[in-house]
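Working notes, beginning with the structure itself.
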Amino acid sequence: MTTPDIAARRALGACAALLVGALTLTACGGNASADAKSDGAKGGQDTAAKTSAAKIVISAKDGSTGASINTTGVQVSGGKLTDVKMTVAGSGQAVDGNLSADGGSWKPKEQLERGTKYEISAIAKDSSGLTAAANSIFTTVDSANSYIGTYTPDNGTTVGVGMPVSFDFDKVITDKKAVQSHITVSSSSGQQVVGHWFGAQRLDFRPQDYWKAGSKVTMKIDLDGVEGANGVYGVQKKTVTFTVGRSQVSTVDANTQTMTVMRDGKLLKSVPVSTGSPEHTTYNGQMVISEKFTQTRMNSQTVGLGGEYDIPDVPHAMRLTTSGTFIHGNYWYSKGNPPFGREGTSHGCVGMADVQGAQGDTTAKWFYDNSLIGDVVIVKNSPDKTVQPDNGLNGWNLSWNEWTAGSAV
């Protein structure tokens, strides 16, 4: 993340020190090169001192306060870098870096910290052995003037066919077009992928239909230096890839209290469930599994229901909405009158038979073990409304025309 001065790298002041005979000459110039003359030559005649052909450019200008945490580095033309030192200004803590094989460039090994002052000193030699030097003291862009997008899914993961790419920005984005145009999402399947803004801080990407099973999805994040709001710049520059696994779409019918699990278009299993009670119905619509917990606490006060329940160890829980809808195991049901496959008894979740401790060969454990983050769970025939598309990763509840209308590019 950085300010526009990163985009146009300028040469910094440079010092060239060279030895001619017994005379040492040092000169400093704004383009990392030096010219000097000696008036002590034999016979009293002026002789032009030789100047190194090496020209060093440190990308972060000396005195700048918005340097990139990703692309700051050193380059040289007309020579090779022989020594580069980078430290945290003040403390002197060394910053490790990598010199290219040809000696033409150097960059830090790790991403720099935001809002931190650094110092770089670089020395290079040309083919004649003449040296040039350059120095810069600068400060990287700080958190108040930068934004970060927390994204899902993570690099290298395998997800279900319903998993969108979703960014949550830590600042309000006013130039949505600039930000969206610097994030590209593509699939090996060739499916068109379009972004959609939910408000000013969330941007999701998906194709018209679910991802093709087995496809590879690549997202290129090129937000470093991109102004997302007045004086607020991006700092991320990376490429993320993930794999779409097998296709699994499960449909919960609230009329029959049964869930049908389809794997790659074929019936895998029918599972008895218990959806929401008449007082606490379950949302209809397409919902995507966004989190998985072997056991988790569920407290009714966190979802605005007062003190109706507080269960510390709900087994095999998978989140379907941000507001608190899960599909999970249930061990506290009446053993003499199990509700699964018969009636809705929950506070809006979809429950399956389970045992306390998340152990044993249960229906809930089977479904948990056979589910991926990104798998789709569809609920139909519930008396409730359709889930809002931004309540969880549930943008599939928008038509393609509605989805594309939310794009800024």
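The values are calculated or read from the model by the stated rules, or taken from the named source; none is laboratory data. What you see is a predicted model, and the numbers here were worked out from it, not measured in a lab. Neighbour counts run over all protein chains shown; Cβ positions are idealised from the backbone, glycine included. SASA here: full protein model, heavy atoms, side chains in, ligands and nucleic acids out. Shrake-Rupley method; radii C 1.70, N 1.55, O 1.52, S 1.80 Å.
Only one entry of 384, 354 meets the criterion of being surrounded by fewer than 21 Cβ atoms within 10 Å (Cβ to Cβ) and on the phi < 0 side of the Ramachandran plot, and that entry is 384.
Where residues in segment 56-78 are in a loop (DSSP other than H, G, I, E, B) and of a type in the set (Gly, Ala, Ser), which of them is surrounded by the fewest Cβ atoms within 10 Å (Cβ to Cβ)? Break it down stepwise before answering.
So in segment 56-78, the residues in a loop (DSSP other than H, G, I, E, B) come out as 59-66, 68-73, 78.
Then drop every residue that is not of a type in the set (Gly, Ala, Ser), which leaves 59-60, 63-64, 66, 68, 73, 78.
Details: 59: 25, 60: 28, 63: 11, 64: 22, 66: 22, 68: 28, 73: 22, 78: 15.
If we take residues in segment 56-78 being in a loop (DSSP other than H, G, I, E, B) and of a type in the set (Gly, Ala, Ser), then 63 is surrounded by the fewest Cβ atoms within 10 Å (Cβ to Cβ).
Taking segment 120-136 as the range and being buried (at least 18 other Cβ atoms within 10 Å of the Cβ) and over 17 Å from residue 75 (Cβ atoms) as the test, only 130 passes. Looking across 184, 218, 150, 157, one residue alone is free of Cβ contacts under 8 Å to residues at least 24 places away in the same chain and within 17 Å of the chain's Cα centre (by Cα). It is 150.
If you filter segment 300-324 down to residues that are at pLDDT below 80 and polar (S, T, N, Q), you find that the one that is farthest from residue 372 (Cα to Cα) is 301.
For segment 175-191, a residue qualifies if it is of a type outside the set (Ser, Thr, Tyr), open to solvent by 30 Å² or more (accessible area, probe 1.4 Å) and over 14 Å from residue 204 (Cα atoms), and the qualifying residues are 175, 190, 191. Among the conditions (1) in a loop (DSSP other than H, G, I, E, B); (2) open to solvent by less than 50 Å² (accessible area, probe 1.4 Å); (3) over 20 Å from residue 251 (Cβ atoms); (4) among the β-branched types (Val, Ile, Thr), the only one that residue 311 does not satisfy is (1).
The residues listed here are 348, 341; of these, the one that is at pLDDT below 95 and part of a loop (DSSP other than H, G, I, E, B) is 348.
Within segment 252-266, residues that are in contact (Cβ under 8 Å) with a residue 40 or more places away in the chain reach partners that are open to solvent by 50 Å² or more (accessible area, probe 1.4 Å) and aliphatic (A, V, I, L, M) with beta carbons closer than 7 Å, at six or more positions or on different chains, in the pairs 261/268; 264/213. If the condition is being on the phi < 0 side of the Ramachandran plot, touching a residue at least 40 places away in the same chain (Cβ under 8 Å) and not in a helix (DSSP H, G or I), then segment 387-409 contributes 387, 389, 390, 391, 393, 394, 398, 406, 407, 408, 409.
The residue that is nearest to residue 247 (Cα to Cα), counting only those in segment 357-381 that are open to solvent by less than 50 Å² (accessible area, probe 1.4 Å) and in a strand (DSSP E or B), is 376.
Close contacts from segment 339-351, counting a first residue that is closer than 14 Å to residue 255 by Cβ and among the β-branched types (Val, Ile, Thr) and a second that is part of a loop (DSSP other than H, G, I, E, B) and open to solvent by 20 Å² or more (accessible area, probe 1.4 Å), with Cβ to Cβ under 8 Å and a gap of 6+ residues or different chains, come to none at all.
For segment 79-123, the set of residues classified as over 23 Å from residue 235 (Cβ atoms), in a loop (DSSP other than H, G, I, E, B) and either under 25 Å from the mean Cα position of the chain (by Cα) or not polar (S, T, N, Q) (or both) consists of 79, 92, 101, 102, 103, 104, listed by residue number.
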